[in-house]
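One structure below.
Read-outs: derived from the displayed coordinates by stated rules, not from any lab. Given the structure is predicted, the values throughout are model-derived calculations rather than measurements. For neighbour counting, all protein chains shown are included, and Cβ atoms are generated from backbone atoms with ideal geometry for every residue, glycine included.
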């Protein structure tokens, strides 16, 4: 098991540590619901140093990544970030990743912690042209500050016009508490915020500087538990749940991140077939009508017929109800369709609802995220 550079800091703060993806990480400090609500209303600071980083550089780096992922990176500007699935030839998902463009011949791919070695080997197996790839995960620590007050907090310690910084963009060589970082306006909570990359030696110093800057803004440390409930409300996929080698991006509702007009990419033929013929199963959101908490892997049925399974489920602190996502036969995915979630051999009623459950506009009452 690995420890992040902040392990001792988490322990000193009273965090409950768990094993996750080969790492010791904080699942909560005080309580998951309290941390979740604080991120929605104020801000939370997460240690996400377990994420993997892979550098891809060379004259053919762009061409290589283009054939590796489903999204289109050809029109990316330097300093931009792009989310994309990465597929096997059968359309199943290797991983969902972020692509950072440093320059025309240099990119960083941020991958899920549990997939780092697998992804790196997959890239090696499919390398083409003048390209060098390096697994540099041990050279980075990563923090994420998320919530409506994240911008105000970071502005106190970074003297830059961050208000004008667009979502899915990043700044290199940013001085934060005397540490050289790069700052990305991205996150995994459904809120505004930033992800900050730095040398692990600087992680404690940067963490403490951010916590100090946020002391009057109700900033709290937040763990994996709140991170999971936050991303569930925002209907953000988690690899191994909504995506896997057996679940394609089309089935997971990620068609907007598949650019079929691209000349070629791994898995394109199968995904085109799913687009033209339709998928047999789709990811759907649901909320419980009976009192029960859905969990990953629970069977979903209709009139005693198995129609799918729960991919993620939990109590929603924001909506005050039990919610989940499930991969269902497509004919059962219409809004308000009644379904049963099987828990300990007993059927609990639920109904299909629109995804996402929550957006940053929900609390302002102005409709769906666009």
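Only DSSP H runs of four or more residues enter the estimate; each adds -39500 (n - 2.57), and after division by the residues of the chain the mean residue ellipticity at 222 nm equals -5500 deg cm²/dmol.
What is the chain's relative contact order, in percent, from Cα pairs under 8 angstrom and six or more apart in sequence? Write down the numbers at each step before the final one.
Working: 827 pairs, mean separation 65.1, N = 370.
18 percent.
Quick check on segment 28-171: take the gyration tensor over C-alpha atoms, sort the square-rooted eigenvalues as a ≥ b ≥ c, and tell me if it's rounded (a/c under 1.5), prolate or oblate. Prolate shape, in that a/c is at least 1.5 and a/b is the bigger ratio.
Using 0.36 nm per residue, how much length does the chain from residue 159 to residue 67 gain when fully extended, once their Cα-Cα distance is taken away?
Details: separation 92, 0.36 × 92 = 33.12 nm, distance 3.88 nm.
29.2 nm is the gain from fully extending residue 159 to residue 67.
The label point for residue 264 and the one for residue 104, both projected 7 Å from the Cα toward the Cβ, are 2.4 nm apart.
Using only the Cα atoms, what convex hull volume per residue in Å³ does segment 1-53 have?
Details: hull volume 4.7 nm³, N = 53.
Value for segment 1-53: 89 Å³ per residue.
Classify segment 217-370 from the C-alpha gyration tensor, please: rounded if a/c falls under 1.5, else prolate or oblate depending on whether a/b exceeds b/c. It comes out oblate by the Cα gyration axes. With a cut-off of 17 Å on the backbone N, the residues of segment 35-53 near the modelled label site 7 Å out from residue 136 along Cα-Cβ are 49-53. The stretch between residue 199 and residue 280, if pulled fully straight at 0.36 nm per residue, gains 24.6 nm over its current Cα-Cα span.
Listed peptides 276-289, 135-148 appear in the order 135-148, 276-289 once ranked by packing, highest mean of other Cβ atoms within 10 Å at the front.
Sequence gap at least 6, Cα distance under 8 Å: using those rules, report the relative contact order of segment 264-315 to the nearest whole percent.
Working: 36 pairs, mean separation 13.2, N = 52.
Worked out over segment 264-315, it gives 25 percent.
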